[in-house]
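Beneath this line is the structure, given in structure tokens, with notes to follow.
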Amino acid sequence: MAVILIVDDEADMLTLLDLNLRLAGHETLLAANAEQVMRVLESSTPDLVLLDVMLPDVPGTEICRKLREDPRTANVPVVLCSARATENDRVAGLEAGADDYVTKPFSMRELLLRLRAVLARSRLSRPPKRDGSSPG
């Protein structure tokens with residue numbers, strides 16, 4: 001299905017998300033902080049980033065802004081995930097460039113459906129890949 005970079009500093013949450021996304025058929029990449037995110041992105045470009053807002057070194061909203069500024073990741077969908085659930089928090093996340101904002105605690109079923117919807121929208125907005133064959 002999709003390659004999803006999961007970013008969360010809580011080991012239990014990272015494990016839970018990793019397991020459920022893999023069971024749903026996705027390939028996962030894992031990071032617990034901004035430094036690890038940048039290391040992962042040096043070698044691969046995921047189809048989607050599931051990003052915790054409250055990380056120990058750099059806020060997830062700042063990482064989201066950096067992803068949007070980099071031409072390699074500018075079009076990669078970002079779903080922010082946070083226990084911070086006020087309207088101001090959600091608006092700040094969306095203003096940072098997130099495609100969706102999910103508040104903790106969340107239903108895994110709802111999260112998987114939201115990720116599927118964001119992935120579907122991002123695939124619709126991308127130009128088709130050229131495979132080198134001629135139309136016909």
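Structure above, values below:
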{"item": "All positions within the stretch 70-86 that are more than 17 Å from residue 5 (Cβ to Cβ) and modelled with pLDDT of 95 or more", "result": "71"}
{"item": "Within the stretch 68-81, tally of residues that are more than 20 Å from residue 116 (Cβ to Cβ), outside any loop (DSSP other than H, G, I, E, B) and not acidic (Asp, Glu)", "result": "1"}
{"item": "Test for residue 116: is it modelled with pLDDT of 95 or more and assigned to a helix (DSSP H, G or I)", "result": "yes"}
{"item": "Options 1, 13: the member that is at pLDDT below 95, over 13 Å from the mean Cα position of the chain (by Cα) and closer than 21 Å to residue 116 by Cα", "result": "1"}
{"item": "Members of the stretch 26-47 found to be farther than 17 Å from residue 77 by Cβ, surrounded by fewer than 14 Cβ atoms within 10 Å (Cβ to Cβ) and of a type in the set (Gly, Ala, Ser), listed by number", "result": "43"}
{"item": "Count of residues meeting criterion [part of a loop (DSSP other than H, G, I, E, B) and in contact with a helix residue (DSSP H, G or I) (Cβ under 6 Å, 6 or more places away or on another chain)] in the stretch 40-54", "result": "1"}
{"item": "Cross-chain or 6+ apart pairs with Cβ under 8 Å, the stretch 70-85 first and within 13 Å of residue 98 (Cβ to Cβ) and in contact (Cβ under 8 Å) with a residue 40 or more places away in the chain, then assigned to a loop (DSSP other than H, G, I, E, B) and among the aromatic types (Phe, Trp, Tyr)", "result": "81/106"}
{"item": "All positions within the stretch 91-124 that are under 13 Å from residue 53 (Cβ atoms), crowded, with 19+ Cβ neighbours inside 10 Å and not hydrophobic (A, V, I, L, M, F, W, C)", "result": "93, 100, 101"}
{"item": "Number of positions in the stretch 1-35 that are in contact with a strand residue (DSSP E or B) (Cβ under 9 Å, 6 or more places away or on another chain) and in contact (Cβ under 8 Å) with a residue 12 or more places away in the chain", "result": "24"}
{"item": "Residue 129 vs. criteria at pLDDT 95 or above, among the charged types (D, E, K, R) and either surrounded by fewer than 19 Cβ atoms within 10 Å (Cβ to Cβ) or assigned to a loop (DSSP other than H, G, I, E, B) (or both)", "result": "no"}
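Rundown of residues vs (1) in a helix (DSSP H, G or I); (2) among the acidic types (Asp, Glu); (3) under 17 Å from residue 106 (Cα atoms), yes/no style:
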| position | (1), (2), (3) |
| --- | --- |
| 18 | yes, yes, yes |
| 25 | no, no, no |
| 30 | no, no, no |
| 38 | yes, no, no |
| 64 | yes, no, no |
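The values are calculated or read from the model by the stated rules, or taken from the named source; none is laboratory data. Remember, it's a predicted structure, so these values are computed and weren't measured experimentally. Because the Cβ atoms are built from the backbone with ideal geometry, glycine has one as well, and the counts that use them run over all protein chains shown.
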